[in-house]
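Heads up: the structure comes next, in structure tokens.
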Amino acid sequence: MPKHKTHYEECDILVVGGGMAGTGATFEARHWGRDLKIICVEKANIDRSGAVAQGLYAINCYMGMQWNENQPEDHVRYARNDLMGLVREDLGYDMARHVDSTVHMFDEWGLPMMKNPKTGRYQREGKWQIMIHGESYKPIVAEAAKKSADKIYNRIMITHLLMDEEKENRVGGAVGFNMRTGDYYVFRAKTVIVSAGGASHIFKPRAVGEGMGRTWYAPWSNGSAYALPIAAGAKMTQMENRIVLCRFKDGYGPVGAYFLHLKTYTQNANGENYEKKWYEQTKKLVGEYIDHHPTPTCLRNHAFVQEVMAGGGPIHMVTKEAFQDPHLETVGWENFLGMTVGQAVVWASQNVDPKYQNPELTTSEPYVMGSHATCSGAWVSGPEDISPPEYFWGYNRMTTVQGLFGAGDTVGGSAHKFSSGSFTEGRLAAKAAVKYIQEQKAENIKVSDKQCENFKKIIYKPLENYTVGRNEITGGTVSPSYILPIQGLQRLQKIMDEYVGGISVNYMTNGNLLKKGLELLDWLQEDLENVGAEDYHQLMRAWELKHRALTSQCVTEHTLFREETRWPGYYYRGDHLKLDDENWHCLTISRRDPKTGKFTMEKMPVYHIIDEEKKKEAS
Ligand SMILES: Cc1cc2nc3c(=O)[nH]c(=O)nc-3n(C[C@H](O)[C@H](O)[C@H](O)COP(=O)(O)OP(=O)(O)OC[C@H]3O[C@@H](n4cnc5c(N)ncnc54)[C@H](O)[C@@H]3O)c2cc1C
């Protein structure tokens, strides 16, 4: 086995993942902590990493308070409605009241914003979205982080959090390895902000084989945002609330600009408005939620899924009308060029010209994330001025592990943050982390060399598994002693797909399936001790897989716990097909005991903070 050099770093604030939230955290940490040592560690290269790597065509969260377009309260109402009543309103409100200032900084930093020629305001795509020429979005925010950090480490994957050995339940840093050099990195830190993005590829994707990298959510988002806090014993929330997206088929091209700006609409293969057809059926499942405006995203998915199951597919986006207008046609194509070039390539390969042919839509495999129309993630403290006691324990966005903060996809309960809201949440977390240090909450942290050496052995074990076991292979890739990361990944995806409500079962699951799924996931975890990696890239794949597997266990535990179907169209509990507000109008919380690996589940009240005052006044 080659020797792997160990590098030691000490810092005040360690940001894990330099995507939207991580760059926001790094930037803001410097603002409040002028003298602090701030380090950002990124698995890829922060110039082009994370879900925004390729660029975006719209900033999906902007209030426009300066023009009185929307207020933060409006955004809370919107997110609450879309998530079928269950959000952390304190977190959503806190993000919304700060998000405009973030966007104004992007503007100052040179992000090309589209302006409405008549009003001079930012060009609206929809009520919350503003349009940008966003190919350069990620390099621009990366520059702000680079100028703020003491050091940015690219190409280092963080695999574990270090824990303080003096005080229980307090973080002490993180460890990982450089996947180019193979060197081992120990970051001893007073606070850690995890902002490592969501999770794709835990459910079997629609595109398999040679097309398997083609998913809606970034294929490199591997759930570290969840696995790191879960392994450290942090509480998680709403992990059952996975998201399914309705997107253009095969390329997963975005539909937002099409629906909102081009005013295109969907229809079934017979040219009918199928959503209307499913109104009564949906009402029986979810009651008055179907009458809410706008229709919650999951319920629109539900109509799509039902229509396809009833034989009405394929579902099309009607583009032929809008594309007759040359301006809208240009917007339609540019929308892909700035963020999903692959969709244009797919259409070219299938001979689809949306001006003459309505393209097909599909529903994606489920993903786990905390910043889109869904809110899986860590259970964090809210801000002191508005959070009820159960939601507040001292420092904004701190998880239930002392000194461990989260932002962006990492944080649960606060949906519809998107890119700008994730950056904003990174800022909020960093400000609180500085305060935590200033208030001397991070004194005398002890992380022994023994702890670090122990993780080193664990991290490189897949290389050893491979080196020792490869001689037993007589042909092909099947070994009696190890499994390769790709084999483990496909096994994980099959379990999640068939037992936890993926595409091949039309998102359907039930208590018995989930229990069986948990059993199979346990065995998978056992076998992952024997995952083999032939090089450093495969070592990264091995750790990505382990993080995905842990995230999947948590998702499955949550799905089993919530005995209702809260979000039809995202998933169905066949044994509890109806929404049940009487018993389940609450948030779900899990904790995995780091010593035993067992999960415990609890319910937490959902507080409707916005409008409560008005209700009180009225009564
Ligand atoms: C297809 C798609 C389209 C979208 N469209 C829009 C849109 O039009 N408008 C909009 O505003 N928002 C959009 N979003 C949402 C937006 O991209 C996300 O809300 C935002 O990127 C989340 O920020 P984040 O920092 O949590 O995750 P990310 O930005 O994904 O950053 C996570 C970072 O962590 C790194 N990382 C992961 N694991 C590790 C590890 N173990 N160690 C070190 N680093 C690690 C990753 O490489 C990555 O750089 C879209 C998202 C997707 C996927």
Top-ranked residue of the stretch 242-255 - restricted to ones that are part of a loop (DSSP other than H, G, I, E, B) and in contact with a Cys (Cβ under 9 Å, 6 or more places away or on another chain), ranked as modelled with the highest pLDDT: Val244
query: Could you list, in sequence order, the residues of the stretch 93-105 that are open to solvent by 10 Å² or more (accessible area, probe 1.4 Å) and closer than 24 Å to Phe392 by Cα?
result: Tyr93, Arg97, His98
message: Being open to solvent by 20 Å² or more (accessible area, probe 1.4 Å) and within 10 Å of the ligand (Cβ to nearest atom) is the filter here; which residues of the stretch 36-46 pass it?
response: Lys43, Ala44, Asn45
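Each row is one residue, and each column tells you yes or no for (1) of a type in the set (Phe, Trp, Tyr); (2) touching a residue at least 12 places away in the same chain (Cβ under 8 Å); (3) on the phi > 0 side of the Ramachandran plot; (4) in a helix (DSSP H, G or I).
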site	(1), (2), (3), (4)
Ala415	no, yes, no, no
Lys431	no, yes, no, yes
Lys450	no, no, no, yes
Lys457	no, no, no, yes
Arg470	no, yes, no, yes
message: Please go through (1) within 10 Å of the ligand (Cβ to nearest atom); (2) touching a strand residue (DSSP E or B) at 6+ places or on another chain (Cβ under 9 Å) for Gly172 and return the number of the only condition it doesn't satisfy.
response: (1)
message: I'd like to verify a number: residues in the stretch 379-427 that are among the aliphatic types (A, V, I, L, M) and farther than 20 Å from Ile609 by Cα, how many?
response: 4
- request: All but one of (1) open to solvent by 50 Å² or more (accessible area, probe 1.4 Å); (2) within 16 Å of the ligand (Cβ to nearest atom) hold for Asn530, so report the exception by its number.
  value: (2)
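Okay, residues lined up against (1) within 30 Å of Pro326 (Cβ to Cβ); (2) within 15 Å of the ligand (Cβ to nearest atom):
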residue: Lys355; (1), (2): yes, no
residue: Asn358; (1), (2): yes, no
residue: Thr363; (1), (2): no, yes
residue: Ser371; (1), (2): no, yes
residue: Gly377; (1), (2): no, yes
residue: Pro388; (1), (2): no, no
residue: Phe392; (1), (2): no, no
residue: Leu404; (1), (2): no, yes
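For every residue, the table says whether it meets (1) within 16 Å of the ligand (Cβ to nearest atom); (2) surrounded by fewer than 19 Cβ atoms within 10 Å (Cβ to Cβ).
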| site | (1), (2) |
| --- | --- |
| Asn60 | yes, no |
| Glu73 | no, yes |
| Ala79 | yes, no |
| Asp107 | yes, yes |
| Pro117 | no, yes |
| Lys127 | yes, yes |
query: What are the residues in the stretch 256-270 that are closer than 16 Å to Pro354 by Cβ, open to solvent by less than 40 Å² (accessible area, probe 1.4 Å) and assigned to a loop (DSSP other than H, G, I, E, B), if any?
result: Leu262, Thr264
field: Lone unmet requirement of (1) over 29 Å from Thr295 (Cβ atoms); (2) in contact with a Lys or Arg (Cβ under 9 Å, 6 or more places away or on another chain); (3) of a type in the set (A, V, I, L, M) for Leu91
entry: (1)
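Pick from Gln525, Gln490: which is closer than 18 Å to Ala207 by Cβ, more than 16 Å from the ligand (Cβ to nearest atom) and either free of Cβ contacts under 8 Å to residues at least 12 places away in the same chain or within 23 Å of the chain's Cα centre (by Cα) (or both)?
Numbers: Gln525 fails: closer than 18 Å to Ala207 by Cβ.
So the residue among Gln525, Gln490 that is closer than 18 Å to Ala207 by Cβ, more than 16 Å from the ligand (Cβ to nearest atom) and either free of Cβ contacts under 8 Å to residues at least 12 places away in the same chain or within 23 Å of the chain's Cα centre (by Cα) (or both) is Gln490.
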- prompt: Among the residues of the stretch 200-217, is any within 10 Å of the ligand (Cβ to nearest atom), at pLDDT 90 or above and among the aliphatic types (A, V, I, L, M)?
  reply: no
message: List pairs: first residue in the stretch 390-403 and within 17 Å of Tyr607 (Cα to Cα), second residue assigned to a loop (DSSP other than H, G, I, E, B) and open to solvent by 60 Å² or more (accessible area, probe 1.4 Å) anywhere in the structure, Cβ distance under 9 angstrom, at least six positions apart or on different chains.
response: Glu390/Tyr607; Tyr391/Tyr607; Phe392/Glu384
- prompt: Are any residues in the stretch 170-184 within 15 Å of Ala533 (Cβ to Cβ), under 24 Å from the mean Cα position of the chain (by Cα) and among the small types (Gly, Ala, Ser), and if so, which ones?
  reply: Gly176
- request: Identify the single condition in (1) away from the ligand (no atom under 16 Å from the Cβ); (2) in contact (Cβ under 8 Å) with a residue 40 or more places away in the chain that Cys11 does not satisfy, given that it satisfies every other one.
  value: (1)
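The values are calculated or read from the model by the stated rules, or taken from the named source; none is laboratory data. As the structure is a computational prediction, the values presented were derived from the model and not from experiment. Cβ: placed from backbone, ideal geometry, glycine included. Neighbour counts: every protein chain shown. Note: areas computed on protein heavy atoms with side chains; ligands, DNA, RNA excluded. Shrake-Rupley method; radii C 1.70, N 1.55, O 1.52, S 1.80 Å.
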